[in-house]
Structures are given as structure tokens and as C-alpha cells.
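In what follows, a single structure is set out as C-alpha cells and then discussed.
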Amino acid sequence: MSKRIGIIAALVSALVLLSACGARQTKQSIYKDIEGKWRVAAMGENKIAPEKDQLQLTFDLRSGRVGGYGVCNSFGGSFVLRPNGKVHIKDIMTTMVGCDGNILETALNRALENTERIEVKDGKAYLYGANDPVALLTLERPEHNTEGVSGTRWGFFSGGGPRKRLFAGK
């Protein structure tokens with residue numbers, strides 16, 4: 001009888017451990033998609049043109065930091081990911097350069113601080129507030145836009161040290 005109880009206890013323990021490992025993998029796979037650079041494509045229902053008012057942010061899962069660049073200021077803060085897409089973004093700090101884009105930057109910082117849930121689907125990230133049916137922010141991966149360079153002279157140069165042309169076109 002005690003041998004049977006011991007076997008049952010061992011099986012229950014093994015199931016608990018396996019389900020905990022599965023939950024950890026699921027949580028990690030949910031959030032690995034948020035890692036890296038993003039461009040703000042929309043604030044609420046207002047689209048942000050990629051060539052205008054470029055708002056960028058980067059999520060670094062390892063350090064738990066989020067940061068980026070607004071229209072004229074850089075910003076940064078920390079975030080904590082929780083199960084089921086829940087997130088807590090806090091301690092947003094920004095440089096204080098004055099420019100015409102400060103209204104967008106203020107709106108971006110407020111949206112980040114009010115974000116409570118993240119969904120990543122179809123290559124986009126959606127940041128939602130507590131009970132918001134519409135995403136506070138819609139993020140896209142930045143694209144290298146070559147539109148508009150046809151017929152013009154352009155080139156890519158190496159960074160740091162003396163400039164060295166890497167690629168050029170007409």
C-alpha cells in the first residue's frame with residue numbers, strides 16, 4: 001500500500017515538474033517575439049507615417065529594458081513580462097530637447113506607461129491598456145526603405161573611423 005502511494009506521489013511530482021517546464025517554455029516563446037527593434041506604426045487609431053515622425057523603440061529581454069528614440073529625444077525605462085501577455089513598463093526617462101515633436105513623444109511615453117498587455121501577431125506588436133479594445137500602440141519592424149532613391153546618387157558608408165564606401169547606386 002505504501003509502495004503504491006509512493007509511486008502515485010512520484011508520478012504527480014513528475015507531472016507538476018513537466019507542466020512547470022512547459023509553462024516556462026510557453027512564456028519564453030510568447031515573449032521572444034517582442035525582442036528587438038520596432039517602429040511605432042500607430043498610436044491608438046492614428047497611423048504614424050514611416051518617413052515622418054519616426055518613433056523607434058527596442059525591447060531587450062535579457063536586461064528587462066525598453067528604450068528608443070522619439071522625434072528629437074531618446075528615452076528608456078524598464079519592463080517586467082508576466083504570463084498571458086501581461087507587462088509592466090515603468091520608470092520611463094527621457095532627454096529634454098525641445099522640438100516640434102514633443103507632443104508625439106509625450107503621447108508615446110504615456111502609452112508605454114499605461115501598457116498592461118502585449119500581443120505579437122502577423123509581424124506586428126500591439127500594446128494595450130487595462131481595458132482598451134484598441135491598441136495604445138501598434139509596432140512594426142523597421143524596414144530599410146529604398147523608395148525614392150531611383151535616379152539619384154546614393155551610397156552606404158562604414159561607421160567609425162575613416163569613411164569607406166560600402167555600396168553605391170545611381
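The values are calculated or read from the model by the stated rules, or taken from the named source; none is laboratory data. Nothing here was measured: the structure is a model prediction, and the numbers come from that model. Glycine also receives a Cβ, built like all others from the backbone with ideal geometry; neighbour counts cover every protein chain displayed. These accessible areas exclude ligands, DNA and RNA; they are computed on the full protein's heavy atoms, side chains included. Shrake-Rupley method; radii C 1.70, N 1.55, O 1.52, S 1.80 Å.
At a glance:
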quantity: Selection count where residues are open to solvent by less than 40 Å² (accessible area, probe 1.4 Å), at pLDDT below 90, small (Gly, Ala, Ser) and not in a helix (DSSP H, G or I), scope the range 66-119; calculated: 2
quantity: Of all residues making up the range 51-65, the number that are charged (D, E, K, R) and either modelled with pLDDT under 90 or in contact with a helix residue (DSSP H, G or I) (Cβ under 7 Å, 6 or more places away or on another chain) (or both); calculated: 3
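Yes or no, residue by residue, for (1) without any contact (Cβ under 8 Å) to a residue 60 or more places away in the chain; (2) within 17 Å of Glu35 (Cβ to Cβ); (3) among the polar types (S, T, N, Q):
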{"residue": "Ile92", "(1), (2), (3)": "yes, no, no"}
{"residue": "Cys99", "(1), (2), (3)": "yes, no, no"}
{"residue": "Asn102", "(1), (2), (3)": "yes, no, yes"}
{"residue": "Thr106", "(1), (2), (3)": "yes, no, yes"}
{"residue": "Leu112", "(1), (2), (3)": "yes, yes, no"}
{"residue": "Lys124", "(1), (2), (3)": "no, yes, no"}
{"residue": "Ala130", "(1), (2), (3)": "yes, no, no"}
{"residue": "Thr138", "(1), (2), (3)": "no, no, yes"}
